[in-house]
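In what follows, a structure is listed as structure tokens, so that the remarks can point back to it.
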Amino acid sequence: MRAWVLFSAVLCCLAVVGWQRSSLFHKKDFVYGLRGHPVKIYVKLHQDTPVLICMDVKHAKKEIVDPTYIWIGPNENTLTENQRINITKTGELIVKDFVEPLSGLYTCTFSYKTVKAETQEETSVKKRYDFMIFAYREPDYSYQMAVRFTTKSCLGRYNDLLFRVLKKILDNLMSDLSCHVIEPSYKCHSVEIPERGLIHELFIAFQVNPFAPGWRGTCNQSVDCEDITNNNVLQARNRIEEFFRSQADIFSHNFNKTLPAMHFVNHSFQVERLDSCRPGFGKNEGLHSNCASCCVVCSPGTFSPDVAVICQTCISIHVYGAKSCP
């Protein structure tokens with residue numbers, strides 16, 4: 001009787017182990033290998049990788065006899081535990097605080113045995129899985145905006161005065177966000193409007209940028225500074241939109257009164273988001289369709305020296321994240 005009870009207890013324990021493996025299979029942030037195809041993984045700068053599983057889904061659902069796991073990093077050396085590398089006994093890999101040079105090919109060799117129950121004959125089996133890991137960061141956002149104002153004439157100093165005053169108002173509107181207006185310009189055009197005839201309008205364009213002098217102070221040493229600057233410039237965009245909406249409301253409530261010669265043209269406000277990448281990063285929807293909106297680290301053979309969105313070719317570069325071509 002005691003032997004039966006003991007045996008049942010052992011079976012229950014094994015059942016718990018089996019349930020744990022099943023729950024592992026269903027957890028999020030676990031990435032399994034694919035036979036014959038590298039798995040592309042994108043890791044935000046200074047974040048941890050997902051858990052990389054050194055087997056495919058098919059093997060994860062089966063019991064494995066005498067499994068062993070060997071991970072090879074981008075430098076073609078065997079990975080061992082350290083501050084950044086975490087490898088479990090069951091072959092799961094996590095790379096912590098991911099940075100540009102850690103990008104590249106991670107290869108895992110998964111070995112195990114098949115055993116014939118009748119003869120106890122053993123056969124060794126090896127499987128290889130490739131994971132291509134890329135560091136990425138969010139693009140830096142800025143906003144291209146355009147508005148129109150009526151004017152009495154395309155000649156005269158009042159057009160310049162309105163333009164300068166408007167820029168100053170907008171800069172003050174978002175100064176606490178470390179954002180400012182850059183590349184402002186305007187042109188005067190004659191516009192023929194049905195039932196109103198010919199009028200003169202100023203077509204004003206400018207860009208709202210989150211990198212006003214002293215912008216780094218807003219980050220408070222945060223490693224994800226682009227998250228902060230992107231949030232700031234979004235707030236700036238909303239404030240400017242509200243400002244022009246209020247201008248339209250003012251004149252709509254004065255429709256019985258004579259409008260001033262220079263006033264905001266209702267519904268003329270237009271905005272478009274512009275993305276840029278930090279040096280060493282670029283956007284390439286063809287290569288990185290799974291992360292098309294990301295600024296992905298430039299691969300060996302390419303570099304990005306400025307805040308563009310393209311990694312340029314340079315065959316002498318053999319590292320990830322190059323900012324110049326030697």
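Tell me, what is the FRET efficiency for S124 and S324 to the nearest 0.05, using R0 = 56 angstrom and their Cβ-Cβ distance as r?
So, using R0 = 56 Å, E works out to roughly 0.70.
On a full-extension model of 0.36 nm per residue, what is the gain between I250 and S268, subtracting their alpha-carbon distance, rounded to one decimal in nm? Mind dumping the intermediate values first?
On the way: separation 18, 0.36 × 18 = 6.48 nm, distance 1.50 nm.
Gain on stretching I250 to S268: 5.0 nm.
For S103, which sequence-distant residues (separation of 5 or more, or a different chain) have an amide H within less than 5 Å of its own amide H, given hydrogens modelled in the peptide plane?
Answer set, sorted by chain and number: A135.
For E81 paired with T313, estimate the spin-label separation in nm (one decimal), with each label point 7 Å from Cα along the Cα-to-Cβ line.
Placing both labels 7 Å along Cα→Cβ, they lie 4.6 nm apart.
Loop-only trypsin sites (Lys or Arg not before Pro) in segment 125-220, please: DSSP not H, G, I, E or B, and at most 11 other Cβ atoms within 10 Å.
Numbers: sites: K126, K127, R128, R137, R148, K152, R157, R164, K167, K168, K187, R196, R216; in loops: K152, R157, R196.
In loop regions of segment 125-220 (DSSP not H, G, I, E or B), the sparsely surrounded trypsin sites (Lys or Arg not before Pro) are R157, R196.
Specify the angular offset, from 0 to 90 degrees and rounded to the nearest 10, of the alpha carbon long axis of helix 225-252 from the longest principal axis of the alpha carbons in the chain.
Approximately 30 degrees, to the nearest 10.
Between F30 and I182, how high is the FRET efficiency from 1/(1 + (r/R0)^6) when r is the Cβ-Cβ distance and R₀ = 30 Å? Nearest 0.05.
Result of the calculation: an efficiency of 0.10.
I41's amide H: which non-local residues (gap 5+, or another chain) put their own amide H closer than 5 Å, with H modeled 1.01 Å from N in plane and none for Pro or chain starts?
M132, I133, F134
Placing one identical point scatterer on every Cα of segment 171-264 and ignoring solvent, what is log10 I(q)/I(0) from the Debye formula at q = 0.11, 0.15, 0.16, 0.23 Å⁻¹?
Values returned for q = 0.11, 0.15, 0.16, 0.23 Å⁻¹ are -0.48, -0.75, -0.80, -1.18.
Helix 158-173 versus the longest principal axis of the chain: what is the Cα-based angle in degrees, 0 to 90, to the nearest 10?
40
Need one number: convex hull volume per residue for the chain, Cα atoms only, in Å³.
Values: hull volume 83.0 nm³, N = 326.
Considering the Cα atoms of the chain, their hull volume per residue is 255 Å³.
Could you give the distance between the Cα centres of segment 287-318 and segment 216-241, to the whole Å?
Distance between centres, Cα-based: 24 Å.
Over what distance in Å are the Cα centres of segment 74-127 and segment 32-66 separated?
10
Return L45, L198, L234 ranked ascending by Cβ neighbour count within 10 Å, so the fewest neighbours appear first.
In increasing order of surrounding Cβ atoms, one gets L198, L234, L45.
Let's test this: bin the Cα-Cα distances of segment 277-326 at 5 Å from zero up to the farthest pair and state each bin's percent.
Taking every Cα pair in segment 277-326, the percentages come to 6, 29, 31, 22, 10, 2, 0.
Treating cross-link reach as a plain straight distance, find the lysines whose alpha-carbon is under 28 Å from the alpha-carbon of K61, omitting any fewer than eight places away in the same chain.
Of all the lysines, those that pass the test against K61 - Cα under 28 Å, at least 8 places apart if same chain - are K27, K28, K40, K89, K96, K113, K116, K126, K127.
Quick one: divide the alpha-carbon radius of gyration of segment 59-151 by 2.2 N^0.38 Å and tell me what you get. Display every interim value, and only then the final one.
Details: Rg = 23.2 Å, N = 93, 2.2 N^0.38 = 12.3 Å.
Normalised Cα radius of gyration, segment 59-151: 1.88.
Which value in nm describes the separation of the simple spin-label points at D275 and E242, placed 7 Å from the Cα toward the beta carbon?
Using points 7 Å along Cα→Cβ, the separation is 2.8 nm.
Any chance you could run the full-extension gain for D56 through H37? It's 0.36 nm times the residue separation minus the Cα-Cα distance, nm to one decimal.
Numbers: separation 19, 0.36 × 19 = 6.84 nm, distance 1.11 nm.
Gain in length upon complete extension: 5.7 nm.
Read-outs throughout are calculated quantities, based only on the coordinates presented, and are distinct from any laboratory measurement. Being a predicted model, the structure only gives us computed values, none of them experimental. A quick note on method: Cβ atoms are made from the backbone with ideal geometry, for glycine too, and the neighbour counts reach across all protein chains shown.
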